[in-house]
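Single-structure report; data block below.
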Amino acid sequence: MTAIEFHYKLISLEPDLNRFAYKLTADREDARDLVQETFLKALKYCGSYVYESNFAAWTYTIMKNTFINNYRRSVKQNMFNNKTDDDFSKFFGIASEAFHPDSEYSAKELEKSIDALQDNFKLPFKMHYAGFKYQEIAEALDLRLCTIKSRIFQARKQLRDQVSR
């Protein structure tokens, strides 16, 4: 397929891509942005398109994956930008009343409790809380994945026990 044919096929899909993007985003401007991003990625990765395969399906897959990645990125960004005391209670699975201003534990006291953990629990826990995935932590610390999961679980358990006292 020549570059001109590729561009023609891509542009001919624009109305259908706009409708699909609107179904995903439920917002006209976001849908337009998603279509543009899909076009850019399709042009960037045109070499990976297998000739005589379903061009529309290939393009829709790019759009769907772009939407999913953007959604995950926004959720992750919101999660790490909105650290409040209430997030601590959600993370540790304890009642939010525990962080009421009259509460025995404040965020600073919780930080002290985290710092008081043994190093083999503290480092994986802090990395996980900072947003690293279990596999990334395991590779960084050169430990098995099951060991990392266990240590993070134990750290949470120890912190819950300290907070509930």
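Which pairs break 28 Å Cα to Cα here: 23/44; 9/76; 76/122? 9/76, as the Cα separations exceed 28 Å there.
Between the C-alpha center of region 137-165 and that of region 27-44 there is a gap of 41 Å. Might you report the magnitude of the Cβ-based charge dipole of region 1-52 about its Cα centre, with Lys and Arg at +1 and Asp and Glu at -1, to the nearest 20 debye? Once rounded to the nearest 20, the dipole reads 40 debye.
The numbers here are math on the coordinates, done by the rules we state, and not lab data. Not measured: the values here are computed from a predicted model. Cβ sites come from the backbone with ideal geometry, for glycine too, and all protein chains shown count toward neighbours.
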